[in-house]
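*Asks:* Here it is, the structure, as structure tokens.
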Amino acid sequence: MIEQVQRVIDNFQVTGKVTRAERYGSGHINDTRYVVIENDSGSRDYILQRINKNVFKDPMQLMENIVAVTDYLREVILARGGDPDRETLTAIRTNNGTACYIDPDGEYWRLVYFITDSQSFDKVENPEQFYRSAVAFGNFQYLLRDFPAAVLHETIVNFHNTPDRIRQLREAVERDVCGRLSSVRAEVDFVLSREEFAGTLERAHKEGKLPLKVTHNDTKLNNVLFDAISGDSLCIIDLDTIMPGYSVNDFGDSIRFGATTALEDEADLSKVNFDISLYELYVRGFIEGANGGLSEGELEMLPIGAIMMTFECGTRFLTDYLSGDTYFRTSREGHNLDRARNQFKLVTDMEKRLSEMREIVRKYSVK
Ligand code: ADP
Ligand code: GN1
Ligand code: MG
């Protein structure tokens, strides 16, 4: 792998020899490698990623978004006395001055500094950590509150449009390309019986209760890096889906991934339960981090955002299962179906506890 990586690296504005190149992290989308480059002044660590072209139809536009947002964040971080090399991503330019390199096969590569002494987690290790991720994601929205949203490209059209996700599921059901439909009728019914619910956020937006803001749109715990020494949250990563969206979806996506007793792909559903005390911690942290930036309508919709993102993600996993596992990276037979069932178990738990979830938001919304 080292020679292949060296050939890619030679096109970026870095000098030196690649001495390590390993697959890295547990993201479902991009092909991520940890790379060490040595030269006369020492060695430095990087993350090299091949952008998933199946998912992102225009990687150049995606990189324009990332450069615009990280340039903006650099200024904000500097102004508050922080270290932009560690607290946001830095896209290293190619020899042509662009933010990603297109290889002879038409693959898109980007190179960023590896944030040293950092860690990401697939599961909450302690409650304090989840609280810190909540403050970080809430604050991320706050820091971008004046960012000119109009410059952002929509990197995935209708990304968190839940009714459209149901439309895609119906299409996959009709095609049934792998002949898997007969084994997932109950899961499909689970989704279709919630069609009315699926339109809740879109309706709230039309009624003026839910504004479009600059949001991250993929706020799972492993998209925040923590300082390996202090345990503090350090840097929000995976900026591929920064687009105008609803704040409650950023809240909700973190809840579906973190406020649970199991990993996202746990197949034994008796181990998968919604953890309302982690939910409470996240509510507190997110509202604090947002620094007064959430309107009454947004606060009211936070619990719905949690159920919506869990429901939508389950629907997406189910659609991908029916379509032959072409979107999310899988590593075992039935992986996407396990993920879908896992998410639907959480939806059922949350639906039962909706009034408690609302009560918790009210508790922390009091000015
Ligand atoms: P994906 O879209 O596939 O999830 P990510 O950009 O989230 O790709 O990267 C996958 C993983 O690689 C992250 O969860 C994180 O563990 C690690 N990672 C990505 N960028 C960095 C970085 N700059 N420094 C340290 N680790 C990183
Ligand atoms: C993907 O890229 P990653 O692994 O952080 C997906 C999210 C899903 C998540 C489910 C661009 O996130 O939308 O919620 O998997 N990202 C994209 O784990 O589709
Ligand atoms: Mg990721």
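*Asks:* Go through (1) at pLDDT below 95; (2) assigned to a loop (DSSP other than H, G, I, E, B) for A150 and report which single condition fails.
*Replies:* Failed condition: (2).
*Asks:* If we keep just the residues of the stretch 147-179 that are among the small types (G, A, S) and over 20 Å from the mean Cα position of the chain (by Cα), which is nearest to Q61 (Cα to Cα)?
*Replies:* Looking at the filtered set, the residue picked out is A150.
*Asks:* Okay, moving on. Six or more apart or on different chains, Cβ atoms under 6 Å: show the pairs whose first residue is in the stretch 186-203 and open to solvent by less than 20 Å² (accessible area, probe 1.4 Å) and whose second is among the hydroxyl-bearing types (S, T, Y) and modelled with pLDDT of 95 or more.
*Replies:* What qualifies is V191/T315; A198/T162; L201/Y246.
*Asks:* Can you tell which of E266, E312, E280, E296 is among the acidic types (D, E) and buried (at least 22 other Cβ atoms within 10 Å of the Cβ)?
*Replies:* Details: E266 fails: buried (at least 22 other Cβ atoms within 10 Å of the Cβ); E280 fails: buried (at least 22 other Cβ atoms within 10 Å of the Cβ); E296 fails: buried (at least 22 other Cβ atoms within 10 Å of the Cβ).
So the residue among E266, E312, E280, E296 that is among the acidic types (D, E) and buried (at least 22 other Cβ atoms within 10 Å of the Cβ) is E312.
*Asks:* Which pairs do you get when a residue that is more than 8 Å from ligand 1 (Cβ to nearest atom) and open to solvent by less than 40 Å² (accessible area, probe 1.4 Å), found in the stretch 27-52, comes within reach of a residue that is acidic (D, E) and assigned to a strand (DSSP E or B), reach meaning Cβ atoms under 6 angstrom, with the pair 6+ apart or on two chains?
*Replies:* V36/D45
*Asks:* Also, quick follow-up: What pairs come up if the first residue lies in the stretch 1-23 and is not assigned by TED's automatic domain parsing to the domain that holds R93, the second is part of a loop (DSSP other than H, G, I, E, B) and open to solvent by 90 Å² or more (accessible area, probe 1.4 Å), and their beta carbons are under 7 Å apart, counting only those six or more places apart or on different chains?
*Replies:* Pairs that qualify, where the first residue is not assigned by TED's automatic domain parsing to the domain that holds R93 and the partner is part of a loop (DSSP other than H, G, I, E, B) and open to solvent by 90 Å² or more (accessible area, probe 1.4 Å): there are none.
*Asks:* I've got another one for you. In the stretch 25-47, which residues are within 16 Å of ligand 2 (Cβ to nearest atom), modelled with pLDDT of 95 or more and not charged (D, E, K, R)?
*Replies:* Passing the criteria: H28, I29, N30, T32, I47.
*Asks:* Now, a different point. Scan the stretch 99-114 residue by residue and report those that are touching a residue at least 60 places away in the same chain (Cβ under 8 Å) and within 16 Å of ligand 2 (Cβ to nearest atom).
*Replies:* Applying the first criterion (touching a residue at least 60 places away in the same chain (Cβ under 8 Å)) to the stretch 99-114 yields 101, 103, 109-114.
R110, V112 - these are the residues of the stretch 99-114 that are touching a residue at least 60 places away in the same chain (Cβ under 8 Å) and within 16 Å of ligand 2 (Cβ to nearest atom).
*Asks:* Could you tell me whether the stretch 215-228 includes any residue that is under 16 Å from the mean Cα position of the chain (by Cα), in the same structural domain as E195 (by TED's automatic domain parsing), closer than 14 Å to L346 by Cβ and among the β-branched types (V, I, T)?
*Replies:* No, the conditions are met nowhere in the stretch 215-228.
*Asks:* Would you please name the residue that is surrounded by the most Cβ atoms within 10 Å (Cβ to Cβ), looking only at residues in the stretch 235-250 that are under 11 Å from the mean Cα position of the chain (by Cα) and either away from ligand 2 (no atom under 11 Å from the Cβ) or aliphatic (A, V, I, L, M) (or both)?
*Replies:* The selected residue is I242.
*Asks:* Same structure, new question: Do you know which residues across the stretch 225-238 are closer than 25 Å to M63 by Cβ and more than 10 Å from ligand 3 (Cβ to nearest atom)?
*Replies:* Scanning the stretch 225-238 gives L225, S233, L234, C235, I236.
*Asks:* Can you work out which of the residues in the stretch 320-350 that are among the charged types (D, E, K, R) and touching a His at 6+ places or on another chain (Cβ under 8 Å) is most open to solvent (accessible area, probe 1.4 Å)? Before you say what the answer is, go through the steps one by one.
*Replies:* Narrowing the stretch 320-350 to residues among the charged types (D, E, K, R): 320, 325, 329, 332-333, 338-339, 341, 345, 349.
If we keep only those that are touching a His at 6+ places or on another chain (Cβ under 8 Å) as well, we get 325, 329.
Values: D325: 45, R329: 107 Å².
Filtering the stretch 320-350 for residues that are among the charged types (D, E, K, R) and touching a His at 6+ places or on another chain (Cβ under 8 Å), the one most open to solvent (accessible area, probe 1.4 Å) comes out as R329.
*Asks:* Is one or more of the residues making up the stretch 195-209 in contact with a Ser or Thr (Cβ under 9 Å, 6 or more places away or on another chain) and over 30 Å from N65 (Cβ atoms)? Steps first, answer last, please.
*Replies:* In the first step, residues of the stretch 195-209 are kept if they are in contact with a Ser or Thr (Cβ under 9 Å, 6 or more places away or on another chain); the result is 197-202, 209.
From the residues that got through so far, the ones that are over 30 Å from N65 (Cβ atoms) too are 197.
Yes, the stretch 195-209 contains a residue that is in contact with a Ser or Thr (Cβ under 9 Å, 6 or more places away or on another chain) and over 30 Å from N65 (Cβ atoms).
The values are calculated or read from the model by the stated rules, or taken from the named source; none is laboratory data. The structure presented is a predicted model; accordingly, all values stated were derived computationally and were not measured. Cβ: placed from backbone, ideal geometry, glycine included. Neighbour counts: every protein chain shown. SASA here: full protein model, heavy atoms, side chains in, ligands and nucleic acids out. Shrake-Rupley method; radii C 1.70, N 1.55, O 1.52, S 1.80 Å.
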